[in-house]
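Report on one structure; see the data block that follows.
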Amino acid sequence: MVSKLLEVENLRKYYPVTAGLLARHVADVKAVDGVSFFIAEGETLGLVGESGCGKSSLGRALLRLEEPTSGQIIYRENDITSWSKQQLKELRREAQMIFQDPQSSLDPRMTIGDSIGEALLIHGVGTEKERLERVAELLQRVGLEQGHATRYPHELSGGQKQRTGIARALAVNPKLIVADEPVSALDVSVQAQILNLITDLQRELSLAYLFIAHDLAVIGQVSNRIAVMYLGQIVELAGRDDLFHQPLHPYTQALLSAVLLPDPHQPWKRTPLPGEVPSPIDPPTGCRFHTRCPRVMPVCRQEMPELRQLDGNHLVACHLYD
Ligand code: SF4
């Protein structure tokens with residue numbers, strides 16, 4: 001039986017849009033709109049979708065870095081949705097975040113050693129000597145040299161800064177890490193090294209990840225299961241092999257057709273996605289993908305398909321499978 005580390009029920013994150021001198025509330029950006037899923041202990045759940053689909057908002061809301069508008073977040077059987085600041089401090093020891101842009105997530109005035117040790121200091125972990133030893137251990141673990149401890153962020157390459165970000169996240173021995181596009185700002189050759197580091201750490205430390213990316217090829221390298229997000233909602237969720245070999249949702253099929261290399265034994269057909277992602281302020285009625293879907297039917301414009309379980313653990317939200 002799967003041991004759930006984190007469970008999300010019907011989560012919403014809306015950002016109010018205001019207008020006029022009185023900042024009247026006129027609409028909402030529905031960044032995350034009714035999302036449910038779980039992350040098991042020690043697994044990587046990949047979260048993929050085009051930019052602007054709500055992936056990062058979901059990641060931040062999960063850790064309560066931003067307040068969810070509604071819904072429930074259960075962490076280790078505790079409902080953390082309404083936890084106080086003090087309780088959230090405890091959560092920060094267990095659940096950490098790695099950011100897309102390692103440059104902006106590091107304080108330019110702090111040395112790399114101080115940046116990594118900061119979380120230990122905040123949580124009152126160990127003596128100063130023990131914290132220094134832990135920083136040295138973390139530097140080594142993420143493939144940095146001891147000499148990096150006294151350097152400043154501007155002296156490091158993009159890959160080294162992201163290694164520092166990973167070391168910071170690991171400092172307090174978390175169980176869950178939300179990695180928000182951790183390799184998309186890096187060169188391709190450095191991406192592979194960081195992805196290897198992330199998967200090695202998971203194996204050694206039994207970490208669970210929510211790994212957010214817009215690139216299915218990257219997601220496929222690290223994930224056990226993959227959730228596909230479109231305009232604030234999850235439209236398909238399946239094991240990695242299931243999703244890659246038998247994508248059901250037309251949006252997933254289009255994403256995959258853009259990344260898979262042609263198989264010499266199979267005709268390869270790219271399915272270009274027409275148009276742009278519609279505005280999350282006023283999403284299309286019915287299925288939100290219907291304005292771009294090559295298989296749209298009349299019912300798709302009227303009724304929103306529910307995320308339903310088909311074979312095994314393969315979930316899809318599409319009227320083709322009603
Ligand atoms: Fe396409 Fe209809 Fe399925 Fe939406 S519900 S993905 S519009 S076929």
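Observations
- From the list GLU155, GLU90, GLU118, the one residue that fits, being without any contact (Cβ under 8 Å) to a residue 12 or more places away in the chain and over 23 Å from the mean Cα position of the chain (by Cα), is GLU155.
- Residue match in the range 220-237 (condition: among the charged types (D, E, K, R), under 26 Å from LEU186 (Cβ atoms) and either surrounded by 13 or more Cβ atoms within 10 Å (Cβ to Cβ) or away from the ligand (no atom under 16 Å from the Cβ) (or both)): yes
- Verdict on VAL17 being among the β-branched types (Val, Ile, Thr), in contact (Cβ under 8 Å) with a residue 12 or more places away in the chain and either crowded, with 19+ Cβ neighbours inside 10 Å or assigned by TED's automatic domain parsing to the domain that holds ALA169 (or both): no
- Residue within the range 44-53 that is touching a residue at least 40 places away in the same chain (Cβ under 8 Å), part of a helix (DSSP H, G or I) and in the same structural domain as GLU9 (by TED's automatic domain parsing) present: no
- The number of residues in the range 41-53 being open to solvent by 10 Å² or more (accessible area, probe 1.4 Å) and out of contact with any Leu (no Cβ under 6 Å at 6 or more places or on another chain) comes to 5.
- Any hit, the range 112-122, residues being within 19 Å of LEU176 (Cα to Cα) and touching a Gly at 6+ places or on another chain (Cβ under 7 Å): yes
- Unique residue being within 16 Å of the chain's Cα centre (by Cα), modelled with pLDDT under 95 and open to solvent by 10 Å² or more (accessible area, probe 1.4 Å) when the list is PHE38, PHE99: PHE99
- Pairs, first outside the structural domain of SER115 (by TED's automatic domain parsing) and closer than 13 Å to VAL218 by Cα in the range 170-196, second of a type in the set (D, E, K, R) and open to solvent by 20 Å² or more (accessible area, probe 1.4 Å), C-beta under 6 Å, six or more apart: ALA185/ASP101
- Test for GLY126: is it more than 23 Å from LYS13 (Cα to Cα), outside the structural domain of TYR230 (by TED's automatic domain parsing) and surrounded by fewer than 16 Cβ atoms within 10 Å (Cβ to Cβ): yes
- Test: ALA254 is within 13 Å of the ligand (Cβ to nearest atom), at pLDDT below 95 and not in a loop (DSSP other than H, G, I, E, B): yes
- Enumeration of residues in the range 55-87 that are in a helix (DSSP H, G or I), without any contact (Cβ under 8 Å) to a residue 60 or more places away in the chain and aliphatic (A, V, I, L, M): ALA61
- Filter pass, SER115 being crowded, with 20+ Cβ neighbours inside 10 Å and of a type in the set (Gly, Ala, Ser): yes
- Within the range 161-235, strands (runs of 3 or more DSSP E) holding 1 or more residues that are of a type in the set (Lys, Arg): 225-230
- With respect to the conditions (1) over 18 Å from the mean Cα position of the chain (by Cα); (2) open to solvent by less than 30 Å² (accessible area, probe 1.4 Å), GLY59 falls short on a single one, namely (1).
- Selection within the range 267-310 - exposed (fewer than 15 other Cβ atoms within 10 Å of the Cβ), within 12 Å of the ligand (Cβ to nearest atom) and not in a loop (DSSP other than H, G, I, E, B): PRO298, VAL299, ARG301, GLN302, ARG308
The values are calculated or read from the model by the stated rules, or taken from the named source; none is laboratory data. Given the structure is predicted, the values throughout are model-derived calculations rather than measurements. Ideal geometry is used to build each Cβ from the backbone, glycine not excepted, and the neighbour counts take in all protein chains shown. Ligands, DNA and RNA are stripped out before the accessible areas are found, and what is left, the full protein with its side chains, is counted by its heavy atoms. Shrake-Rupley method; radii C 1.70, N 1.55, O 1.52, S 1.80 Å.
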